[in-house]
Structure formats: C-alpha cells, structure tokens
Amino acid sequence: MYALVDAVSFYASAEKVFDPSIRNRPVVVLTNNDGCVCAVCPIAKRLGIPKFIPYFQIKNFLSKHGVVVRSSNYELYADLSERMMNVIARYCDNQYIYSIDESFLEFKQYDGLITDWHKYGHEIRRAIWKETRLPVGVGFGTTPTLAKAANHAAKKLAGFDGVAVIDSQQSSLPILQKMSVTDVWGIGNRLGKKLNLLGINTAQQLAQQSPQHMRKQFSVLVEQTVNELNGVACLSWDKVKAPKQEIFSTRSFGERVTDYETLMFALVTHGVIVGKKLRRQGSLVKRLLVFAASSPHDTQYYKRSLIFEFQLATNNNSQIASAINILLREIFQTGIQFYRCGVGAVALESEQYQQPDLFSPIQPSPLIMDCFDKVNNRYGQGAITLASEGKAEKWQMRRSFLSPQYTSSWRDIPKIGC
C-alpha cells in the first residue's frame, strides 16, 4: 500500500499557524514581488478568488471582503515543511518527499498489520495538526498513482473527510469517474489535450484504455500510468519526477536597476542558485544562458540574452560567476532601467559520467563546493557567499506584506507575557 500526504493550501495554512487571529479569516499569499496570488485558503476560495491573478487587479476586491494578504514567507514555509515531513516519517517505513508540501509513503512492512487504512489516515492527520497546526489530506492506494488520486478525492471531492482509500476496483471507480484526466499524476495539460481529442476526458476513461495502445500512441510513461490506474504498481517516484533537463533562476526586481554593479550582483546570485540546484541533482552545465531586460510595458523595450559555452561542464559557483561577468559586459547598456534578469543552465550533463579533458586547465575540486553547501546548510543560506554576489538590497524582491519569520529569525520568535 502507498499513501500521499499533502497539505491543504500550504502557504496560506502556514501563515495561520503562528497567528491565531487570522485562522478564521480568508487569507491569500502572493508570488515574488507581490505580483500574483499563488495560494488561497479554503475560506478565501469560497469568495471565488482565483489563483495566479495579478494582485493589482483584485486589490480592491480583497480589501472590500477583509481578505488578509501576505507576501511569500519562504523561510517560514521551509521550516514548517520540515516539521511536517518529520511527523509523517514516523508512520511508514519508506518516505519520499515529493515537494515542499507533498510526501509519498510506502508501507512494505505495514501491510497486514493495518486493518483500517481510513482510521490510520486520520491518525496521521491528527498528529500533523497537533504538532504543526497544518491541515492535510491523506490518500491511500495500491499504487503511487492511485494514492495520488485518493489524495485528490480526500481534499477536493465531496463525500470525503480528509482521507480516501483506493484498495480495490470498486473503491477506485467513483473517484476516477469524477477526476479530469489532467488530474492524474504524470498527465500534464499538453498531454491532456491530446487525450481529450481521443475522447478521453476522465481518469476512468484513461484507465479503460489498452496499455499497449497508449504506449504506441504516446509513451511508456502513459502505458505505465494506465497500468497503475488498474492497480498494477510499475512507477517509481524518480520515473515521474526525473532530473530537470534545464535549470533556471529568474526574478523581477523590487525596483528598477540602472547600474552595472547591482545588475552583476543580481545575476551572480541567480548563478549561485543555479549552481546549487545543479549539485543537488548531480548535474553539470555545459551551456549557460544569461539575460536581462526592461519591462515589456516600457516605451523602448530592451532585452538581451547571451550564451556561454564551458570547455568542460561545471557546477562550480566561481566558474559560473566568471561566465556571467564575461557576458554582462555585452548585455549591459547605460540608460536602460532593468526590470528583470536571470540565469539558466540549458545544456546539462551527468556529474557521474563526466569525461575529463586531458588538455584543459586544472579544474577546481568538487570538495570546495561540497564544503560551501555544507556551511550554508548548517548555518543558514548566505552564511558564506561569493564576493561578486555583493550585499546590495536594491534588486531584492519586494515583500510588502511579509509576516514574521517566527521559527527562523531571533527577532521574530513569538513572545508570551505571563
């Protein structure tokens, strides 16, 4: 048996954990630079507030209905996520953290010992609520895909109380019939449109297809998904969530940037983020893309992007920063009010199978970056940085509605008067 535990409107729910005064009020959370709505709590959903709509378009509506607006508090979310995952880990013998608010569970040694999965799901929910004050949905299934479907039912379909169990074809039928095909794990919007053209609109209709035919029409992944919907476990977490083929770090500025040094600081910081993501998935970058642009709403829109080709693929922050400095000399133009910039690794290689070059200069030891990451993981991001990242705040993202970082900043630790 498998399970998927997923927090309900995680960002919005996290905002309520240490602020009881807003627990019964509608809350929305905004994206970087307070641009769009990215999280809507259940109370706010009843007001019809959509996700990913620009904040300025519904600012008056939110104010009229007394909606609490918060900027994304990533430091708080990361800490609460870790706490939630630690609680979940006690209830299974194999855990896979799929995202900041989702975790798959596998019960190899529990099968036969647990006779009531529905009751066990509520036990997990109560423990998470008691220790973190985060509401979650729990879905059980005989395959990872069915566990994901059960979680969808637990959170979004009528008739479920936060827990759903799919342990037979009879229990899967009423759930899959109500699910859109794009709600199936691994079926994105683009693939979903192709399936719709074939008359496959629901998860149940997909489950009724011939696996071999789906493989010929689409891919092995779709074939395996059909098998999984019919109770045949054949997917692993890594098959669905494979290493990224491209890695980007981009962001618009809190205020316009016009000088070379500030733009360099921003781009190098993005490069460091890309380097960290590369190392995390065991990849190296061969081709690096760097860009900077003004706003498309400016009278004279300016955008320039260039690519740097490394002789030998790397994930070393210093080498990435050096490449950025070389390209920036051509990208920067005096008089441009830069609104956005970014760095992307667009040609990746496996760190495990890198072919060294006998004639290339001596490369930096990977132990340097390993030490760099360990220091930052232990003492907090930014404990050690490249000098070329600078300390400028001008380009940092705008977070006008930021709540306190209750668990990661000494100045924001809650104080109780007795």
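Here, each number is a calculation from the coordinates, and none is a lab measurement. A quick note: this is a predicted structure, and the numbers were derived from the prediction, not measured. Positions of Cβ are generated from backbone atoms using ideal geometry, with glycine treated the same way; all protein chains shown enter the neighbour counts.
Structure summary
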quantity: Only Lys, Arg (+1) and Asp, Glu (-1) charged, at Cβ; the chain dipole about Cα centre in debye; calculated: 1120 debye
quantity: Length added when fully stretched, LYS303-TYR74, from 0.36 nm per residue minus Cα-Cα; calculated: 79.5 nm
quantity: Hz values of 3J(HN,Hα) by residue in region 304-310 - Karplus curve (6.51, -1.76, 1.60), Gly and Pro given as x; calculated: 9, 10, 9, 10, 10, 9, 7
quantity: Region 262-418: Lys pairs at Cα distance under 27 angstrom, eight or more positions apart or on different chains; calculated: 15
quantity: HN-Hα J in Hz across region 279-295 - Karplus 6.51, -1.76, 1.60, θ = phi - 60°, x for Gly and Pro; calculated: 5, 5, 9, x, 10, 10, 9, 9, 10, 10, 9, 10, 9, 8, 8, 7, 7
quantity: Mean-position separation - Cα centroids, region 141-164 and region 105-124, in angstrom; calculated: 15 Å
quantity: Whole-Hz ³J(HN,Hα) from phi, Karplus 6.51 cos²θ - 1.76 cosθ + 1.60, for region 128-138, glycine and proline x; calculated: 5, 5, 5, 9, 10, 6, 10, x, 9, x, 10
quantity: Cα gyration tensor shape for region 65-206, rounded if a/c is under 1.5, else prolate or oblate; calculated: oblate
quantity: Proportion of all alpha-carbon pairs of region 105-174 beyond 20 Å (%); calculated: 25 percent
quantity: Region 148-287, dipole about Cα centre (Lys/Arg Cβ +1, Asp/Glu Cβ -1), debye to the nearest 20; calculated: 420 debye
quantity: Unit charges at the beta carbon, dipole of the chain: most positive-side option, PRO135, GLY344, PRO50; calculated: PRO50
quantity: Relative contact order of the chain, pairs being alpha-carbon contacts under 8 Å that are 6 or more residues apart, as %; calculated: 15 percent
quantity: Rg/Rg_globular for region 268-418, with Rg_globular taken as 2.2 N^0.38 Å and Rg from C-alpha atoms; calculated: 1.27
quantity: Kirkwood Rh in Å, taken over region 52-143 so that all alpha-carbon pairs contribute; calculated: 15.7 Å
quantity: Signed unit charges on C-beta, dipole axis of the chain, positive-most listed residue MET179, VAL40, TYR260; calculated: VAL40
quantity: Amide H within-cut-off set for GLN209, under 5 Å, with H built and near neighbours excluded; calculated: none
quantity: Gap separating the Cα centres of region 250-312 and region 21-40, nearest whole Å; calculated: 28 Å
quantity: Nearby lysines by direct alpha-carbon distance to LYS178 (threshold 28 angstrom, same-chain neighbours under 8 apart not counted); calculated: LYS45, LYS51, LYS119, LYS148, LYS155, LYS156, LYS193, LYS194, LYS216, LYS239, LYS241
quantity: Region 188-230 - Rg (one decimal) and Dmax (whole number), Cα, Å; calculated: 9.2, 23
quantity: Region 1-79: translational diffusion in µm²/s, Stokes-Einstein, Kirkwood Rh over Cα pairs, 37 °C, 0.692 mPa s; calculated: 253 µm²/s
quantity: Sorted peptide list for 245-257, 3-15, criterion being average Cβ within 10 angstrom, highest first; calculated: 3-15, 245-257
quantity: Segment GLU131-GLU246, length gained on full extension (0.36 nm per residue, minus Cα span); calculated: 37.7 nm
quantity: Relative contact order of region 99-168, pairs being alpha-carbon contacts under 8 Å that are 6 or more residues apart, as %; calculated: 25 percent
quantity: Value of relative contact order over region 152-289, rounded to a whole percent, pairs C-alpha under 8 Å and six or more apart; calculated: 14 percent
quantity: 13 Å reach of a label modelled at ASP161, 7 Å along Cα-to-Cβ, counting backbone N of region 89-118; calculated: 118
quantity: Estimated FRET transfer efficiency when R0 is 51 angstrom, pair ASN201-CYS418 (beta carbons, to 0.05); calculated: 0.30
quantity: Projected label distance in nm at ARG25 and LYS45, using a 7 Å step from Cα toward the beta-carbon; calculated: 2.1 nm
quantity: Where labels lie 7 Å past Cα in the beta-carbon direction, separation of LYS64 and THR385 in nm; calculated: 4.2 nm
quantity: Tilt relative to the chain, helix 144-156 - C-alpha long axis, 0 to 90 degrees, to 10; calculated: 80 degrees
quantity: Structure-derived volume of the Cα convex hull per residue in Å³: which label, when the choices are (i) 213; (ii) 195; (iii) 147; calculated: (ii)
quantity: Selection from LEU328, GLY162, ILE88 lying farthest towards where the dipole of the chain points positive, charges on Cβ; calculated: GLY162
